[in-house]
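Note sheet for the following structure.
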Amino acid sequence: MSIFFILFIAIASLWCNYSLCKQDFAYGNSYYVDPNKGDDGKIGDLSAPWRTIKNSVSRLQPGDTLYLRGGTYYESQIKISNQGAKSKKIIIKNYPDELPIIDGGYAEFRVVPNSDWEIHDAKKNIYRSVKTYSSADYVYGYFGSDNNCRLISYESYHDLSAENEDYTAVGDVYLGSGIFWNSSNEKIYIRLKPSKQQMAMEYTTPLSNDPRLTKMSIFSHHEIIILSKKSSYIDIEGINLRYQNNAFEFKPGSNNILIKNSNVLGGRTHIYVNDNAHDLVFDGIEIEDSVPPWIAWTDVKRGKKPAHRFQGTAISIEGSAHDIEIKNCVFNNTWDGINATRSAFGLHIHDNVFKGTRDDVVQLGSGCSDVEINHNKMILVSKGISRHGSGSPPKPGTKYIHHNIIDCSKPMLGGRRDPSNLLLEKYQKYHGPNDDGMVWARPFGSHRSGGYGGGDPWKIYHNTIIFGKELNDRGAGHEYVLESFYPGYPQEVYNNIIIQTMDHWLARDCRVADGSQICDGNIYYRPVSNSKNYFFRSWAERLGGSSKDFKSLSAFKSSKLFDASRKYYAPGWEENGTEANPQLDKDYYPAPDSPAAHGAIPLPSSWPGQDGKKYRGALPPKNLNIK
């Protein structure tokens, strides 16, 4: 072996060592945690991992990576206060090809048979926990195969133990399988008897009324991971969280945090973002909430509200939290999807799937600004995107809603049995048109009759919107019905497909000439022959003006109201709109030769999400070469 070769090997070795040292300096150290083989007293490397996440995260420095080995970590209230840097993020992620789960629930009740319950009231099949559970505040739970059904979190023992199962505004009512935490003795009470409403809808879970024979997961009203006000530049990836009220809570000031590829299962609110948290990204989150279909909207929001604790959301964005992106996520059977009901700004919600949402997919405060909601699939949901009065937006006209599928064609349970007609008259609409409690809501809802300040104009374009007989006798909700509006900032509704599946109108209470709104280029379709109802209802020139009903779009276009609409919008309302079958397939794509394949009007180049093609609705025809 020559001296030159030996020198080459030595120099190469020194260079590699230097490079590794430099890399460690630039990118930090790698640590490991293992719930089965770890020890918090060890050094945290691959061969001597730590055991708990709570202990491990406190040791991380900018640039460090913490790998979680596969298995279940029975931990909660993990506080992360670490501060990374833009060039040295702190990374907490799964070890390659392994799945770590952080579980904040109680260890009991999960295997059957068990002795974790004792009989409390044999006649009513009410049991209580053998152990006490201090500081629970409230309790939540799931049961069924794969924990695919929520237990009702009762606020009152009197409801849990009630004989009555019909609607009542003042008395007690039993709604079905649920739990109650008694703050006096700190025990959990449970009753699993299926309700009459549940049986009428042909749901039979659980198979046994004895909780000792029913596997379930029960947990308290706390958090799994808390990102403190100091936390910043942290990526959390590939880790599943389950069984606390909040899987994640972001404290005010927490910033530059990524949550990616995580299945999350909480209680009332799965992810809670406090006021002034900012620069957050949620990418590839999946939440399967499993709100029981036999829980009525009135159970949650009217009368005594015995199921009030279902009124939560997958992601709650509070106050003026800002610069938040939510993408590639799946939200199944939640009560609400995403709520930002105050003054959040810089929100981008895109490429998500929402299925079976029981109330609002997105509830958006009028005080919010710089919002883009696009390319989402809202499938068989109660409502799509809803307004919430929270004052004037600082930047009116900056809410862009485009290229979404909003399908509200499936009815949801609005009201439970009410044989004595105890619901207030204005809420008896929740009995449903067939008196079975099943109702349809509108794709664009609204909350609070006032509180909208100077107005709340949206830009609604290239959406596919499907709905049934709206229980409030409204239209699709794209109409601007607020009294206040900003001159020069109308609500603009262009190039959408709007389908009414029943004998009901498609739009109501539109004002066509006062500058509050413009509609053009939309396709309207109602596949009902010999309709008894109008196509458009109560359209007027301006607020307080005389209104007129129309049997068709062409009837409107030949009316004086159409001529009046030219006073503000020169081409005239829906000059380029049409009444026709868009010929959608089961995946909401229009046929290549359908009227939805062409005819879109040009939009301002500053509006986001335009692809330069002429189709209408959310999706192009499958023939992508169409222009």
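Rule-based calculations on the coordinates, nothing more; no lab input. Keep in mind the model is a prediction, meaning the values are calculated, not measured. Note that each Cβ is placed from the backbone with ideal geometry, even for glycine, and that neighbours are counted across all protein chains shown.
Remarks
- A simple rule links phi to the HN-Hα coupling: the Karplus curve 6.51 cos²θ - 1.76 cosθ + 1.60 with θ = phi - 60°, which for the stretch 302-308 gives 9, x, 6, 6, x, 10, 4 Hz, with x for Gly and Pro.
- Rg and Dmax of the stretch 31-101, Cα atoms only, in Å: 11.5, 33
- FRET efficiency for Asn472 and Ser134, using Cβ-Cβ distance with R0 set to 41 Å, rounded to 0.05: 0.35
- When you restrict to C-alpha pairs under 8 Å that are six or more residues apart and normalise by the size of the chain, the relative contact order lands at 7 percent.
- Under-5 Å amide H pairs with Glu579, H placed in peptide plane, nonlocal only: Tyr524
- Among beta bridges that DSSP assigns inside the stretch 424-558, antiparallel share in %, nearest 5: 20 percent
- For the stretch 340-356, putting each phi into the Karplus relation 6.51 cos²θ - 1.76 cosθ + 1.60 with θ = phi - 60° gives couplings of 9, 9, 10, 9, 5, 8, x, 9, 9, 10, 8, 6, 10, 10, 10, 10, x Hz, in residue order, rounded to whole numbers and with x for Gly and Pro.
- Between the beta carbons of Val353 and Thr72, assuming R0 = 22 Å, the FRET efficiency works out to 0.20 to the nearest 0.05.
- Here the alpha carbons of the stretch 402-453 define both size measures, Rg and Dmax, at 14.2, 45 Å.
- Three-way shape call for the stretch 117-220 based on the alpha-carbon gyration tensor, with the a/c threshold at 1.5: oblate
- Length added when fully stretched, Lys551-Asp563, from 0.36 nm per residue minus Cα-Cα: 2.6 nm
- With 23 Å as the limit on Cα-Cα distance, the pairs of Lys54/Lys89; Lys377/Lys614; Lys383/Lys429; Lys410/Lys586; Lys86/Lys230; Lys304/Lys410 that go past it are Lys304/Lys410.
- The trypsin sites (Lys or Arg not before Pro) found in the stretch 230-289 that occupy coil by DSSP, while having at most 15 further C-beta atoms within 10 Å, are Lys230.
- Qualifying trypsin sites (Lys or Arg not before Pro) for the stretch 91-166 [loop in DSSP, other Cβ within 10 Å: at most 16]: Arg110, Lys123, Lys124, Lys131
- Label-point separation, Arg212 to Asp509 (7 Å along Cα→Cβ), nm: 5.7 nm
- For the stretch 289-597: rounded, prolate or oblate by the Cα gyration tensor [a/c cutoff 1.5]: rounded
- Less than 5 angstrom separates the built amide H of Gly63 from those of Ala85, Lys89, Ile90, all sequence-distant by 5 or more or on a different chain.
- Full extension of the segment from Leu46 to Ser81, taken as 0.36 nm per residue of separation minus the current Cα-Cα distance, would add 10.2 nm.
- Table column - 3J(HN,Hα) (Hz), the stretch 73-79, Karplus curve with 6.51, -1.76, 1.60, x for Gly and Pro: 9, 8, 9, 7, 6, 7, 9
- Cleavage-rule hits (chymotrypsin sites (Phe, Trp or Tyr not before Pro)) in the stretch 48-104: DSSP loop, at most 10 neighbouring Cβ within 10 angstrom: none
- Angle between the chain longest axis and helix 3-27 axis [Cα atoms, degrees, rounded to 10]: 50 degrees
- The relative contact order of the stretch 88-239 comes to 36 percent, based on Cα pairs under 8 Å that sit 6 or more residues apart.
- Cα shape, the stretch 347-486, gyration tensor, a/c 1.5 rule: oblate
- Over all orientations, the chain has a Cα convex hull whose mean projected area works out to 35.5 square nanometres.
- Per-residue extension of 0.36 nm, minus the Cα-Cα distance of Asn576 and Asn261, leaves a gain of 109.1 nm for this segment.
- Given R0 = 56 Å, the distance between the Cβ atoms of Ser58 and Asn182 translates into a calculated FRET efficiency of 0.95.
- DSSP beta bridges in the chain [antiparallel fraction, %, rounded to 5]: 20 percent
- Ranked by the mean number of other Cβ atoms within 10 Å of their residues, highest first, the peptides 361-374, 284-297 come out as 361-374, 284-297.
- For Ile126, distant residues with modelled amide H under 5 Å away: His120, Asp121
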